[in-house]
Amino acid sequence: MQVQTLGQDLNAALARAASEERKRRILEEAERARLDAAPVTPAKDAKASGTQVKDLVNYRSEFFGKLRELLTDQEGVRIEGDRLVFSSEVLFDPGSADLSPEGQFEIAKVARILRGVAAEIPSEIDWVIRVDGHTDNVPLSGTGRFADNWELSQGRALSVVRYMVDFLGIAPDRLSANGFGEYQPINPVDTPEARAQNRRIELKLTQK
């Protein structure tokens, strides 16, 4: 009787497995038919995306070209490749994430150029200004507003973004705030000069 019962259970399990396999094949065939009927192919999407990136490079060159004219020989502000780099001391007091009056003035100059360039960028190019905060590797005391350098870098990036939105007319969907703390140094040497280089805010015009 036990053997008979086990045989019946096995037959039932095999029947269920065969039924599931048939359902799976039907679903796969339906999905293949749906993909074959799609009006836009992945190759076309990739081509369109590549065109947008190429077009954005032209506007990025214009943006940084105008910035170079404006920021010639200005201490604490430099252009490195496709990034505008501010020394943290230009924008913030030590340990603070509140834009200083001098920092507000510097960000306003950048925003004025950005608005002019953004007005020329076609609507189909989905661009964003990335604001990245970085610190040195000196630990915070932990008793202030921020628990660590990671929070401080995020707070500073967000402060720049909020000022550009609230006071300079930059659309919030065109801005991104990111904090990297001490973990992306541009100079890993343990000297005061290297730590000063690592304390920075970077702005980058890029594709979303």
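Selection of helices (runs of 4 or more DSSP H) fully inside the stretch 58-168 by the criterion of at least 1 residues being modelled with pLDDT under 95 and on the phi < 0 side of the Ramachandran plot returns 101-118. Looking only at the stretch 169-208, residues that are of a type outside the set (A, V, I, L, M, F, W, C), assigned to a strand (DSSP E or B) and under 21 Å from Asn137 (Cα atoms) come to 4 in all. Applying the set (1) surrounded by 18 or more Cβ atoms within 10 Å (Cβ to Cβ); (2) in contact (Cβ under 8 Å) with a residue 60 or more places away in the chain to Gln207 leaves exactly one unmet item: (1). Residues in the stretch 166-203 that are over 17 Å from Asp148 (Cα atoms) and either hydroxyl-bearing (Ser, Thr, Tyr) or not assigned by TED's automatic domain parsing to the domain that holds Leu67 (or both): Ser176, Thr191.
The values are calculated or read from the model by the stated rules, or taken from the named source; none is laboratory data. As the structure is a computational prediction, the values presented were derived from the model and not from experiment. Here Cβ is always computed from backbone atoms with ideal geometry, including for glycine, and neighbour counts include all displayed protein chains.
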